[in-house]
Amino acid sequence: MLGPVILAASRSDRMRRLISAAPVTKQVVDRFIPGETVADIVPIIRDLTDRGLELTMDVVGEDITTPEQATAARDAYLELIARLKDLELGEKVEMSVKLSMFGQALEGGHELALANVRPVVEAAAAIGTTVTLDAEDHTTLDSMFAIHEELRKDFPQTGCVIQAYLFRTEADARRLAAAGSRVRLVKGAYKEPAEVAYQQKHEIDKAYVRILKTLMEGEGYPMIGSHDPRLIAIAQELAHQAGRKLDEYEFQMLYGIRGDEHLRLAAEGHRMRVYTAYGTDWYGYFMRRLAEKPANLRFFLRSMVSK
Ligand code: FDA
């Protein structure tokens, strides 16, 4: 029951100011967002890749209000990619981007987001890696898929995310399960109305399995974005049934969640990619992590009162 309340708060400016200014928040935030700058994050990249993990990097931020902020978001990714070039990690470290951070919700936002994300995709390709477009709330998805299709004309490796809780996703998965595509399947992290999305966990989990089956039986490259042990076991079974080799799909999990499981899957020979967020505008990302697990909120509140 708490999840929807926290997700509503994630869109409130008043809550943003309150929580961002709380003296102890930073310590709790660090669990999920382990740095603010490229310099902070490079040692984390080195450490995780040394341990056999791959990464997808997210410069946190969304819901920006000016074109200048969108340009700054583009530049933040370009700065990261310039640093990654020196590390020579190639496709071991890819980028995840939210188009809202690139101006998608502003006037002329579709074109603006495309113009801002294209140089990031180009720069990533130049160092041998790629970009995945995150899925945000359902109102943004037609634009996201159109931008994805446009980028794929020049950069076919560009990936996208689909969300199992949305009714539309089974059809999207059928369309996307084609040769050369890279698709991350997640349950979905936004507050969506009953007209467009399943509301019950068991319905979402069942949809996840149906969609995953479509992706595994298709010709694309499935990326299983989940920490759910049951779904991970089912994914392994579906991959086996579809005759996929270990390098023909990958698991993805968020930094700070089930870290032992990241290492266990990598040790079993799976490709395991850790979604690693950094930056200063962490509020929206952090609140979604609290909403996913009420125990996180209890920990957060305890840290505030014990100070
Ligand atoms: P579920 O929520 O059932 O969790 C299973 C278990 O994992 C829990 O019992 C708990 O042990 C652990 N767990 C999960 N979340 C936790 C948390 N926050 N804190 C502590 N433990 C937790 N969503 C979206 O809408 N658009 C997107 O682009 C993405 N991108 C994305 C990338 C990657 C790599 C991942 C893993 C996830 C996303 N998501 C996302 C988020 C996704 O939609 C979903 O909200 C979370 O993954 C939680 O769902 P699970 O599948 O992990 O299952």
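Each value in this text was obtained by applying a stated rule to the coordinates, not by laboratory testing. Computed from a predicted model, the values in this text were never measured in an experiment. FYI the Cβ positions are ideal-geometry reconstructions off the backbone, even for glycines, and counts take in every protein chain you see.
Here are a few things to note about the model shown:
- Dimensionless Rg ratio for the range 133-261, taking C-alpha atoms and the 2.2 N^0.38 Å reference: 1.01
- Bridging of LYS26 to aspartates and glutamates at a Cα separation below 17 Å is possible for GLU36, ASP40, ASP281, once same-chain residues fewer than 8 apart are set aside.
- Note on LYS92: lysines with a C-alpha under 19 Å away, same-chain residues under 8 apart excluded, are LYS245.
- Stretching the chain fully between ALA178 and LYS201 yields a gain of 5.4 nm (0.36 nm per residue, less the alpha carbon separation).
- Under the criterion of Cα pairs below 8 Å and six or more residues apart, the relative contact order for the range 177-307 equals 21 percent.
- Anchor LYS191: lysines whose Cα lies under 20 Å away (excluding residues fewer than 8 positions away in-chain): LYS98, LYS201, LYS206, LYS293
- The value obtained for the range 117-198, namely the Cα convex hull volume divided by the number of residues, is 88 Å³ per residue.
- Computed label-point distance, nm, for sites GLU150 and THR65 using a 7 Å Cα→Cβ extension: 2.6
- Under the combined filter of DSSP loop state and at most 16 neighbouring Cβ atoms within 10 Å, the range 1-77 retains these trypsin sites (Lys or Arg not before Pro): ARG11, ARG31, ARG51.
- Selection of GluC sites (Glu not before Pro), the range 174-269, meeting DSSP coil and at most 16 other Cβ within 10 Å: GLU195, GLU219, GLU268
- Kyte-Doolittle at least -0.5, axis length at least 27 Å by Cα - qualifying DSSP helices, the chain: 67-87
- Antiparallel %, DSSP beta bridges [both residues in the range 33-281], to 5: 5
- Viscosity 1.306 mPa s, 10 °C: Kirkwood-radius Stokes-Einstein D of the range 33-281 over Cα pairs, µm²/s: 87
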